[in-house]
Amino acid sequence: MVCQQLTTDLLIVGGGTGGTAAALQAARRGISTILVSEFPWLGGMLTAAGVAAPDGNELAAWQTGLWGQFLRALQQRQPEGLDHNWVSFFAFDPRLGAQIFADWAQALPSLQWIQGQTPQAVLRQGDRILGVRFEDYEIRAKLTIDGTELGDVLALGEVPYRWGWELQSEFGEVTAPSSWNDLTQRYPVQSPTWVFYLQDYGDPVAPPVQNPGPYNPAQFATAWQNYGPEMFLNYGRIPGGRFMINWPIAGNDYGQDLSRLVGSPAERQALLQEAYDHSYNFAHFLQSNLGQHLGLAEGLFPKIGNHSTAFALHPYYRESRRLQGLMTVTESMILPQGQVAPLPIYNQQVASIAIGNYPNDHHYPGVEFPLAPKSLRWGGNWTGTPFTIPYPALVPATVTGLLVCEKNISVSHMANGTTRLQPLVLNIGQAAGLAAALCLEQGCEPAELSVRALQEALLTDPQAPAAVVPCYNLPLDHPQWLQWQRHYLEHPQDYPPDGNCPEACPPLINSDAPIYTGHFEAIAEQTYRFTLAGIPQAWEVMTLRPEVNEALAQLSSGQLVTLQGRYNAAGNWLLVEALPAIA
């Protein structure tokens, strides 16, 4: 079979969260870019994999870069708002997310998007990657970015990578096992989940969900045991009476013989079919036990093969092959010293290029695996402590002409539990795309690129400026945001262990949210309740804004207050955007 021959400055393989971001960022700088995706939707975990209730980077100070721009686009385009479930502060229709990414991509004349192709071979000469061959194309490029869900370009190009666990002796990680054991053998990586959506049809008239094969209802029997059916469903509620089912407790995580993910194509396909069938059986169980009014939300995703269109286009992969890079993100680099992790240093300079904050979270079905804590109460809620990804974790140690931008960065198995989350991967992709653009503009290799130049380009990007140093009280709209970001990059010894700029005075935003007047109560430090006249159940009070966080901490129990925010019925909380009395 003859492949069509194409050449480009930048080739990005994979239209997932990181690959999409890398392509958008590079093409926005005018770089000739080809993005090749397997599926007809861009966005990966956020869209095609169905995780339309993303975790992490929820505080206002972390809503920067392409992640922040994506949130603002959702808020503008989804009239129902984003407050629908209790697992995330941001819930959206996955079709809307895919449309946003498609609109952005199609607006860029220097970006060519090719769909329906997967990498078959990597073109390599010596230590340099020259491009990739797909089913119908052979594409040669000056630089290539691996944005595949499972690090397939790494394997095809024989680029050194890691797969599975590391022992304590390798990186000195406190939570890593000291020796190989049943858990490391049973689950070499975290389990994927084939996400699907249920629809509330109102009257009990939903089409029946037929289980596709061997069915054991006992495996799902305790799914909502500690929650109740309503809270279980509201975990992933999105607009339109639909429910994202991405449930780890006796739910649709699937972890049988996961080494098949990196086995032969037939082995991977067999695993994927099993994961799909497992989720379909869970859907059958839910309808059988929660009522015939619940059925599959058909029409939510494009049709792929014989799969229901209530199912995501592919599983939500939590872990992949992981690059052996110039620097590896390990557990000590994500854990807080105070309220923030230390800034990563490479060649005596701060190397951070993307911020994450999610608590470390590993998925091994049926196994409780304790992890070192990395969370605190802030804004009336639990939130993960922030850390950063260093640029050298995107750069291969032994190969040129290549960058990575997905869950395939250079990271340990233990640290992957927090680096894999969607908002962070979106901004990792942005950094990778910008790094590639700078390399092509300057005629240098990724390993030679000035990290400080990359940081400055991220901070001053005209469409999606991205923070690279975490400061709780320094949101993007702060007038001194850029000044403090630069200061800590140039004077890392000044970076405060509590993550708060000493002189920052956050601005009060203008909000169009409803106004409520009631009695405020401080239950404990950073734990608040709010009672409205005539409403028997008190609401929890939360905020993502630093100035509101400071104001709430100064209120007294029993005080009559006016709060401006949005009520979330699924979580029974008021997300406060402003206090009109102090505005």
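The values are calculated or read from the model by the stated rules, or taken from the named source; none is laboratory data. In this text, all values refer to a predicted model and were calculated from it rather than measured experimentally. Heads up, the Cβs are rebuilt from the backbone with ideal geometry, glycines too, and the neighbour counts pull from every protein chain shown. Protein only, heavy atoms only, side chains kept; ligands, DNA and RNA dropped before computing areas. Shrake-Rupley method; radii C 1.70, N 1.55, O 1.52, S 1.80 Å.
What to note about this one:
- Accessible area of Val87 in the full protein assembly, 1.4 Å probe (Å², nearest 10): 40 Å²
- Selected from Gly164, Thr175, Gln125, residue furthest toward positive end of dipole (the range 51-204; charges at beta carbon): Gln125
- Overall, the ratio between the Cα radius of gyration of the range 147-205 and 2.2 N^0.38 Å, rounded to two decimals, is 1.84.
- In the range 440-583 the Cα-Cα distances spread across 5 Å bins starting at 0 as 2, 9, 16, 16, 14, 12, 10, 8, 6, 4, 2, 1, 1, 0 percent of all pairs.
- Probe 1.4 Å - accessible area at Cys444, Å² to nearest ten: 30 Å²
- Dipole magnitude of the range 234-285, debye to nearest 20 (Cβ charges: Lys/Arg +1, Asp/Glu -1, about Cα centre): 260 debye
- Placing unit charges on the Cβ atoms only, positive for Lys and Arg and negative for Asp and Glu, gives the chain a dipole magnitude near 520 debye about its Cα centre.
- Taking the charge dipole of the chain about its Cα centre, with +1 at Lys and Arg Cβ atoms and -1 at Asp and Glu Cβ atoms, the residue from Gly384, Ser191, Trp539 reaching farthest to the positive side is Ser191.
- Given a 1.4 Å probe and the protein chains as shown, Ser288 ends up with an accessible area of around 80 Å².
- Per residue, the chain reaches -7500 deg cm²/dmol at 222 nm when only DSSP H runs of four or more residues are counted, each adding -39500 (n - 2.57).
- Computed on protein heavy atoms with a 1.4 Å probe, the accessible areas place His293, His519, His413, His363 in the order His519, His293, His363, His413, largest first.
- Euclidean distance between Cα centres, the range 116-191 to the range 209-233, Å: 34 Å
- Membrane-span-like helices of the chain, defined as complete DSSP H segments with a Cα extent of 20 Å or more along the helix axis and a mean Kyte hydropathy of at least 0.5, are identified as 422-442.
- Taking the charge dipole of the chain about its Cα centre, with +1 at Lys and Arg Cβ atoms and -1 at Asp and Glu Cβ atoms, the residue from Ile114, Thr330, Gly44 reaching farthest to the positive side is Ile114.
- Between the range 476-547 and the range 293-314, the Cα center-to-center distance that results, in Å: 39 Å
- Here the relative contact order of the range 1-40, from alpha carbon pairs under 8 Å that lie six or more residues apart, stands at 48 percent.
- Accessible area per residue (1.4 Å probe, heavy atoms of protein chains only) ranks Arg566, Arg28 as Arg566, Arg28, with the largest value leading.
- Within straight-line cross-link reach of Lys374, lysines at Cα separation under 28 Å, skipping those fewer than 8 residues along the same chain: Lys407
- Modelled FRET efficiency - R0 30 Å, Ser450 with Thr398, Cβ distances, 0.05 increments: 0.90
- DSSP-defined antiparallel bridges as percent of all bridges, the chain, nearest 5: 65 percent
- Equivalent ellipsoid semi-axes, the chain, via Cα gyration tensor eigenvalues times 5, rooted, Å: 35, 31, 23
- Exposure rank, largest accessible area first [Trp104, Trp67; 1.4 Å]: Trp104, Trp67
- Contact order, relative form, for the range 146-271: 25 percent (alpha carbon pairs under 8 Å, 6 or more residues apart, mean separation divided by residue count).
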